[in-house]
Each structure stands twice: as structure tokens, then as C-alpha cells.
Amino acid sequence: MPDECYRLITDFIEYAGGLRNVLVVVLVMAQAGFLSRADTVDSLTLMAKEIMPRLKEYKQPEAA
């Protein structure tokens, strides 16, 4: 699942024009909806451990 999330995020980065715009959306979406507090913490922890390190290596599109 982290691989799929990474791919979706990088696809959206390309669409949105940069990582900064995407991180705001991801953080808001991670805390919304039907997830319990424990599930939200687990989800954000997984993102921090499995996805964020890969995003640090990701080459963002140049700003237009």
C-alpha cells in the first residue's frame, strides 16, 4: 500500500505543480472522514516512515 500511495502522491505533485501544495492537502485529508484517532495516527505514522523518506528523494517539477 505505501507504494500505491507514493505513486498517487507523485502523480498529484505533477498535476498540482509542487510538493508544498500537495502536503497541505494530504495532511487535511488524513485527518478527515470516518477514521478513528488511532487509525489516523497509524496512517500518519506509516506515511512518515514509508512515504515521506521517498518523497524527500523525489525530483519535483520546476515552478512555471
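The set of residues from segment 34-64 being under 19 Å from Met1 (Cβ atoms) and at pLDDT below 70 is empty. Within segment 13-33, restricting attention to residues that are modelled with pLDDT of 75 or more and assigned to a helix (DSSP H, G or I), the residue that is most open to solvent (accessible area, probe 1.4 Å) is Tyr15.
The values are calculated or read from the model by the stated rules, or taken from the named source; none is laboratory data. Bear in mind the structure is a predicted one, so any value in this text is a computation, not a measurement. We place every Cβ from the backbone using ideal geometry, glycine too, and count neighbours over all the protein chains shown. Just so you know, the surface numbers come from the protein's heavy atoms only, side chains and all, with ligands and any DNA or RNA stripped out. Shrake-Rupley method; radii C 1.70, N 1.55, O 1.52, S 1.80 Å.
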